[in-house]
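Data first, discussion second: the structure below is written as structure tokens.
The values are calculated or read from the model by the stated rules, or taken from the named source; none is laboratory data. Since this is a predicted model, take the numbers as computed values, not measurements. Cβ sites come from the backbone with ideal geometry, for glycine too, and all protein chains shown count toward neighbours. All accessible areas refer to the heavy atoms of the entire protein, side chains included, with ligands and DNA or RNA removed. Shrake-Rupley method; radii C 1.70, N 1.55, O 1.52, S 1.80 Å.
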Amino acid sequence: MKPAPIRALSSTGSNISVQTAKEVHLGRLPPASLVYWLRLGFGVLAGVIYNLAGFGSLGVGLGTLSMITVGIGVYSVSVFLVKNLLGYGPEVLKGPNKHVTIGMGSYVIWMIFTTILLYTVLNPHPS
């Protein structure tokens, strides 16, 4: 899929060029990449929140339940941010639920990775 060519419109005394969507994002991330990296950052944030709140000391059952709760809560905030504050809807992200699904896997993986890493660093056990 090639981007549309730049067309120059000229009339007496004016020279206007039309930019393609690809050129508008020059120097910035396209919306789908921005949402992906935002979700990755929110996954790290969820792991940090989980550890700072001390949910790891609740045991396996309650700790897992609180990790799922924190994860869903932070992910909900990221969906609100993408949809309402950034204004990336189905038209911009090219899909009906892309504002929800882009970056979901990386969010979960980075949330788990950050949670385990911080728990290990913050709660060392004697050997």
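A few points about this structure:
- Residue 48 within 30 Å of residue 124 (Cβ to Cβ), modelled with pLDDT of 95 or more and touching a Ser or Thr at 6+ places or on another chain (Cβ under 6 Å): no
- Residues in segment 98-127 that are within 29 Å of residue 88 (Cα to Cα), in contact (Cβ under 8 Å) with a residue 60 or more places away in the chain and out of contact with any helix residue (DSSP H, G or I) (no Cβ under 6 Å at 6 or more places or on another chain): 98, 104, 108, 109, 112, 113.
- Test for residue 119: is it touching a Ser or Thr at 6+ places or on another chain (Cβ under 8 Å) and either among the small types (Gly, Ala, Ser) or within 21 Å of residue 69 (Cβ to Cβ) (or both): no
- If you go through segment 60-105 and keep only what is of a type outside the set (S, T, N, Q), closer than 19 Å to residue 50 by Cβ and loosely packed, with under 14 Cβ neighbours inside 10 Å, you end up with 60, 61, 62, 65, 68, 72, 73, 77, 105.
- Counting only residues that are open to solvent by 40 Å² or more (accessible area, probe 1.4 Å) and in contact (Cβ under 8 Å) with a residue 40 or more places away in the chain, segment 40-54 holds 2 of them.
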